[in-house]
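Novice: The structure's right below; bear with me while I get my questions together.
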Amino acid sequence: MAPEVSEGRYTLRYANTVIADPAGGEIPLCPTVAEIVGSICVAMTDGCDLNGDGASDIVDIIQLVRCALAGPGGASDACPDSVRAKADCNSDGLVNIRDVICCVRKVLDGGGFGSGGGAPADTSGTTQIGFTGPVQWISPTEGRATIEITPGTDFAGIQFGIDGSTSRARIRDLSLFDPTGAYHLETSVDPGGGNARAMLYQTMYFRTGPGSGPVPRSSLAAVPPFRIDVILEAASGSTGTGGLELVGPRSASFSARAIATKSIAPTAEVPQSPAAVPSLSVPAPNPFAVGTEIAYTVPTQRRVTLRVYSVSGRLIRTLVDASVPAGLHRARWDGRDSEGREARSGIYFFKFTAGDVERTARVMRLR
């Protein structure tokens, strides 16, 4: 299509049609061919901005989910042609779950926290989001903050960011507790762990009858709040004193319209990690077959050794023997000895030494 063509539906007709037989002879058009008048839909795409409000956000994702569930030739109200033309994120000619994930990743991995396409007025059906309290350190190396989301009327999804750039902790992951089993959480965490973006959206629906469009599960009319755990680790050498802050929350209804969203506790304090002395975490996964990882923490720069021993006390591998800066560190063991040979199945021990502090952790190797 020429760049100057505007959005809309255009009639499609065939011209100068030639029909041939297997021998290469021409066959008269009439009465052999009955021309079918078709049409083509032209739409301008801007990222995954399906509704054309200038922002690719949760409202567009919910509309895209509706399109994917409607399927080819599905209910037009669930996925009108004007939307379907913009919904093929991966350009494979189909609109399905691959396009949903494609657009979600574009929104989350785009960086920043966005500004949305305008906030609706506050109503009794407002979605509420906030931290339930300060960060809790559940071990010297791992902390948790909990976000609670109370859905508004006809809630189908929400997106939000977490700004932890001034915090003394790094964001490692986010984990969803969903009481309905009908929602999916997608996340993007910056490489340094300072900021994260998340999108929670409904993926389970039912149909009211043959040929009908998808509608929400009726059991979702009154659901308990969703809880999302923000998993943290102490930032290596961090001098930050700030906390975590919720940024840019926006929610959408199943009909792909914005819902008023209110942050009721937008910040969470991050207390000092309890790692006042060197510590060693438990390895994960445990048992393992291919490789396992273990974390250790030192409060100040010092020399550290981390070695793997067999149950009989024989040295298998030295993973760390160096001076390391203060903070959290990780080491990986691939299940091989110092000569590159695979260790046998059985019990092994990590021995961690930092100054006069010694710690051990047990791990099982399976083959």
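The values are calculated or read from the model by the stated rules, or taken from the named source; none is laboratory data. On a predicted model such as this, the values are computed, not experimentally measured, just so you know. Note that each Cβ is placed from the backbone with ideal geometry, even for glycine, and that neighbours are counted across all protein chains shown.
Novice: Kindly establish whether Thr187 is under 14 Å from the mean Cα position of the chain (by Cα), among the β-branched types (Val, Ile, Thr) and surrounded by fewer than 23 Cβ atoms within 10 Å (Cβ to Cβ).
Specialist: On the way: under 14 Å from the mean Cα position of the chain (by Cα): yes; among the β-branched types (Val, Ile, Thr): yes; surrounded by fewer than 23 Cβ atoms within 10 Å (Cβ to Cβ): yes.
Yes.
Novice: Can you tell me how many residues in segment 293-314 are loosely packed, with under 15 Cβ neighbours inside 10 Å, in a strand (DSSP E or B) and in contact with a Pro (Cβ under 6 Å, 6 or more places away or on another chain)?
Specialist: 0
Novice: Still on this structure, I have one more. If we scan segment 272-282, do we find a residue that is hydrophobic (A, V, I, L, M, F, W, C), free of Cβ contacts under 8 Å to residues at least 60 places away in the same chain and at negative phi? Full working, then the answer.
Specialist: If we filter segment 272-282 for residues that are hydrophobic (A, V, I, L, M, F, W, C), which is where we start, we get 275-277, 280, 282.
Keeping just the survivors that are free of Cβ contacts under 8 Å to residues at least 60 places away in the same chain gives 276.
Still in the running and at negative phi: 276.
Yes, the conditions are met somewhere in segment 272-282.
Novice: Go through Arg317, Arg250 for me and flag whichever is part of a strand (DSSP E or B), surrounded by 21 or more Cβ atoms within 10 Å (Cβ to Cβ) and in contact with an Asp or Glu (Cβ under 8 Å, 6 or more places away or on another chain). Walk me through how you get there before you give the answer.
Specialist: On the way: Arg317 fails: surrounded by 21 or more Cβ atoms within 10 Å (Cβ to Cβ).
It is Arg250.
Novice: Now for a separate question. I'd like the full set of residues that are of a type in the set (A, V, I, L, M) and under 30 Å from Gly192 (Cα atoms), limited to segment 326-356.
Specialist: Residues of segment 326-356 that are of a type in the set (A, V, I, L, M), as a first pass: 326, 328, 331, 343, 347, 354.
Ala326, Leu328, Ala331, Ala354 - these are the residues of segment 326-356 that are of a type in the set (A, V, I, L, M) and under 30 Å from Gly192 (Cα atoms).
Novice: Would you mind listing the strands (runs of 3 or more DSSP E) fully within segment 182-233 where at least 1 residues are over 17 Å from Gly152 (Cβ atoms) and at pLDDT below 80? Lay out the reasoning, then the answer.
Specialist: Values: elements: 183-189, 195-202, 205-207, 214-216.
Strands (runs of 3 or more DSSP E) meeting the threshold: 205-207, 214-216.
Novice: Also, I was wondering about something else. Could you tell me which numbered condition Pro285 fails, if it satisfies all but one of (1) touching a Pro at 6+ places or on another chain (Cβ under 9 Å); (2) without any contact (Cβ under 8 Å) to a residue 12 or more places away in the chain?
Specialist: So Pro285 meets the others, but not (1).
Novice: Within the bounds of segment 36-56, is there any residue that is among the β-branched types (Val, Ile, Thr) and at pLDDT 65 or above? Spell out the reasoning first.
Specialist: Just the residues of segment 36-56 that are among the β-branched types (Val, Ile, Thr), to begin with: 36-37, 40, 42, 45.
Retained after the next criterion (residues that are at pLDDT 65 or above): none.
Within segment 36-56, none of the residues are among the β-branched types (Val, Ile, Thr) and at pLDDT 65 or above.
Novice: On the basis of being at pLDDT below 80 and within 21 Å of Asp57 (Cβ to Cβ), does Gly71 make the cut?
Specialist: Details: at pLDDT below 80: yes; within 21 Å of Asp57 (Cβ to Cβ): no.
In short, no.
Novice: Sticking with this one: So which residues in segment 303-329 are closer than 23 Å to Ser345 by Cα and in contact with a strand residue (DSSP E or B) (Cβ under 7 Å, 6 or more places away or on another chain), if there are any at all?
Specialist: Leu306, Arg307, Val308, Tyr309, Ser310, Val311, Leu315, Ile316, Arg317, Thr318, Leu319, Val320
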